[in-house]
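Remarks on the structure that follows.
Just so it is clear, none of the values below were taken in a lab; they were calculated from the coordinates. Owing to the predicted nature of the structure, the values given are computational and were not obtained by experimental measurement. Glycine also receives a Cβ, built like all others from the backbone with ideal geometry; neighbour counts cover every protein chain displayed.
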Amino acid sequence: MLTKTDFYIDGEWVAPVVARPFELINPANEMPAATISLGSQEDLDKAVAAARAAFASWGRSDLGHRVGLIKRLLEIYKARAGEMAEAITTEMGAPISFALSDQVGAGIWHMEGFLDAVQEIEFDRPLRPDVPNERILREPVGVCGLITPWNWPMNQVTLKVVPALLAGCTVILKPSEIAPLSSMLFAEMMHEAGAPKGVFNLVNGDGAGVGSAMSAHPGIDLMSFTGSTRAGIAVSKAAADTVKRVALELGGKSPNIIFADAELERAVKKGVRHCMENTGQSCNAPTRMLVEESVYEDAIGIAKATAEGTRVGDPAEEGRHIGPLVSQAQFDKVQELIEAGIAGGARLVTGGAGRPQGFNRGYYARPTVFADVTPEMQIWREEIFGPVLAMTPFKKEDEAIRLANDTPYGLAAYLSTSDAERARRVGGQLRAGMVRVNNTGLAKGSPFGGYKQSGIGREGGVFGIEEFLETKTLALGELG
């Protein structure tokens with residue numbers, strides 16, 4: 001079993017001020033995989049002091065210097081991709097093939113995207129051509145606290161750390177305490193890339209401890225948090241007393257509208273597979289499938305076959321199967337919500353409570369499809385974060401839009417139709433930060449974020465770097 005109890009502070013690995021061992025459980029077999037330490041206020045204070053000291057020079061460093069660091073990091077990350085995939089598989093159960101291609105691949109995608117995007121930002125420009133002596137400066141916010149989740153570790157770490165450093169900020173990273181191994185490996189890579197002391201720091205801890213302390217810390221200028229809406233509210237409240245900037249990427253209950261004129265089999269299969277991907281543990285998963293009534297029963301049959309064709313397997317094995325849920329707590333939550341769907345009167349099409357056949361250990365859930373789900377049901381309204389799809393019919397376009405928007409969330413939305421005008425019309429009325437038509441993917445550098453209780457701000461590309469920049473007006477006048 002691994003022992004990884006040190007924190008990365010001021011350019012070196014240091015022991016916690018007070019040892020608070022915390023055991024990590026491998027979700028595939030429920031066995032201990034590693035021991036880390038949960039940090040304290042004193043550990044955080046050391047990291048903040050290091051980051052503040054480093055900001056004095058890093059915040060004024062040449063952009064080329066900052067770009068050089070991220071380029072070196074990217075090459076090291078690529079070279080050690082196999083190690084990173086193994087860490088992610090161990091800590092959160094992503095199957096090794098998926099961990100390498102998608103989980104680790106997301107980090108490469110974002111680093112490359114940010115290296116392109118930073119070249120588009122004008123850090124010093126005139127307000128307008130007619131007032132050349134009034135300059136608009138974009139400057140780093142300062143010291144940033146970054147809290148990342150367990151479900152897409154490197155996706156979220158790179159979406160926060162990389163733009164912050166390119167902007168000239170210094171950072172303290174607190175990864176999820178149940179999936180910190182990948183972030184600790186990332187810290188090794190930052191050190192190998194030559195990050196100056198104090199520019200990047202990592203302190204492990206839980207939300208109630210280090211997470212709350214970060215949000216309230218007067219030495220932190222910005223908090224960037226990804227996780228549940230409940231926890232995001234807590235971060236915002238704790239940050240309010242110091243009036244620090246807060247960026248939030250929170251939950252989702254994304255609708256997937258399928259019209260009768262769509263290529264039905266492809267649309268439904270893609271929707272189910274996307275819902276089940278990462279064992280359903282994605283905030284933008286299309287978990288509510290709204291199908292036009294005339295093709296609804298056909299769609300249910302396709303969804304049933306697709307879900308039943310979704311293989312559940314050991315994450316250590318190569319292949320395109322799905323693995324376990326991340327933890328006992330997550331397993332229990334998913335089981336409770338499946339039971340709530342059955343008790344609430346939804347039609348169980350396939351799957352259901354309990355582990356899949358052949359599994360008596362590990363946090364494995366059955367790929368599950370419910371039909372005839374109505375808006376008052378718990379499985380319509382709550383983010384399940386498991387391989388569970390809720391289906392419902394609609395008759396008219398306006399009804400589909402109303403049902404799609406009937407959620408406190410607004411992260412992503414999906415729709416399938418062969419009518420281009422309808423795609424534009426419906427897409428424009430969906431209250432979500434990202435709308436994908438006919439399973440079209442997002443381009444590198446696209447803004448990621450949502451409306452309503454899905455968060456505040458955007459990550460990725462130019463938009464993600466700007467989250468870490470302040471805007472200054474410098475009116476020079478006539479200086480001779």
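Here LYS395 is the anchor, and the aspartates and glutamates within straight C-alpha reach of less than 14 Å, apart from those fewer than 8 places off in the same chain, are ASP261, GLU292, GLU293, GLU297, ASP372.
Ellipsoid semi-axes for the chain, based on the Cα gyration tensor and the rule √(5λ), read 38, 29, 19 Å when sorted largest first. Between the stretch 226-246 and the stretch 372-394, the alpha-carbon centres lie 28 Å apart.
Multiplying the residue separation of ARG125 and ALA208 by 0.36 nm and subtracting their alpha-carbon distance yields 25.6 nm.
Remark: spin-label model distance GLN328-ALA49 equals 3.8 nm, labels positioned 7 Å along the Cα→Cβ axis.
In this Cβ point-charge picture (+1 for Lys and Arg, -1 for Asp and Glu), the stretch 255-443 has a dipole of about 300 debye about its Cα centre.
Counting alpha carbon pairs within less than 8 Å and at least 6 residues apart, what relative contact order, in whole percent, applies to the stretch 255-443? Dividing the mean separation by the residue count of the stretch 255-443 yields 28 percent.
Cross-link partners of LYS160 among aspartates and glutamates, defined as those whose alpha carbon lies under 13 angstrom from its own and excluding same-chain residues fewer than eight positions apart: GLU249, GLU459, GLU466, GLU467.
Across the stretch 336-347, computed HN-Hα scalar couplings (Karplus, 6.51 cos²θ - 1.76 cosθ + 1.60, θ = phi - 60°) run 4, 6, 4, 4, 5, x, 5, 5, x, x, 5, 7 Hz from first to last residue, x flagging Gly and Pro. In straight-distance terms, cross-link reach from LYS46 covers every one of the aspartates and glutamates whose alpha-carbon lies under 20 Å from its own, apart from those fewer than eight places away in the same chain; here that gives ASP6, ASP10, GLU12, GLU177, GLU188, ASP206, ASP221. Packing around the peptides 212-223, 335-346, taken as the average count of other Cβ atoms within 10 Å per residue, puts them in this order, highest first: 212-223, 335-346. Phi-derived couplings, Karplus 6.51 cos²θ - 1.76 cosθ + 1.60 at θ = phi - 60°, listed residue by residue for the stretch 254-270: 6, x, 10, 8, 10, 7, 5, 7, 6, 6, 4, 4, 5, 4, 5, 4, 4 Hz, with x used for Gly and Pro. Scoring 404-414, 357-367, 317-327 by mean Cβ neighbours within 10 Å over their residues and listing the highest first yields 404-414, 317-327, 357-367. DSSP beta bridges fully contained in the chain are about 40 percent antiparallel.
Loop-located chymotrypsin sites (Phe, Trp or Tyr not before Pro) in the stretch 35-122 (DSSP state other than H, G, I, E, B) with a sparse environment of at most 16 neighbouring Cβ atoms within 10 Å are absent. For the chain, take the longest principal axis of its alpha carbons; what is the angle in degrees between that and the long axis of helix 229-240, to the nearest 10 within 0 to 90? Result, in degrees: 20.
Please state, as a whole number in µm²/s, the translational diffusion coefficient that the Stokes-Einstein equation yields for the stretch 1-157 at 10 °C and 1.306 mPa s, with Rh defined as the Kirkwood radius across alpha carbon pairs. Rounded to a whole number, D works out at 85 µm²/s.
For the stretch 233-280, lysine pairs with C-alpha atoms less than 30 angstrom apart, excluding pairs fewer than eight positions apart on the same chain, total 4.
Modelled this way, with points 7 Å down the Cα-to-C-beta line, the labels at LYS78 and ARG135 are 3.6 nm from one another. For the stretch 374-438, the list of trypsin sites (Lys or Arg not before Pro) that fall in a loop by DSSP and count at most 14 other C-beta atoms within 10 angstrom reads LYS395, LYS396.
Seen against the Cα atoms of the chain and their longest principal axis, helix 296-308 is set at about 70 degrees.
Evaluating kT/(6 pi eta Rh) at 4 °C and 1.567 mPa s, with the Kirkwood radius of the stretch 360-480 over Cα pairs in the Stokes-Einstein relation, gives 73 µm² s⁻¹. Summed over qualifying helices (DSSP H, 4 residues or more, each -39500 (n - 2.57)) and divided by its residue number, the chain shows a 222 nm mean residue ellipticity of -11000 deg cm²/dmol.
Legend: calculated FRET efficiency, ARG230 to ALA15, from the Cβ-Cβ distance at R0 = 45 Å, rounded to 0.05, equals 0.90.
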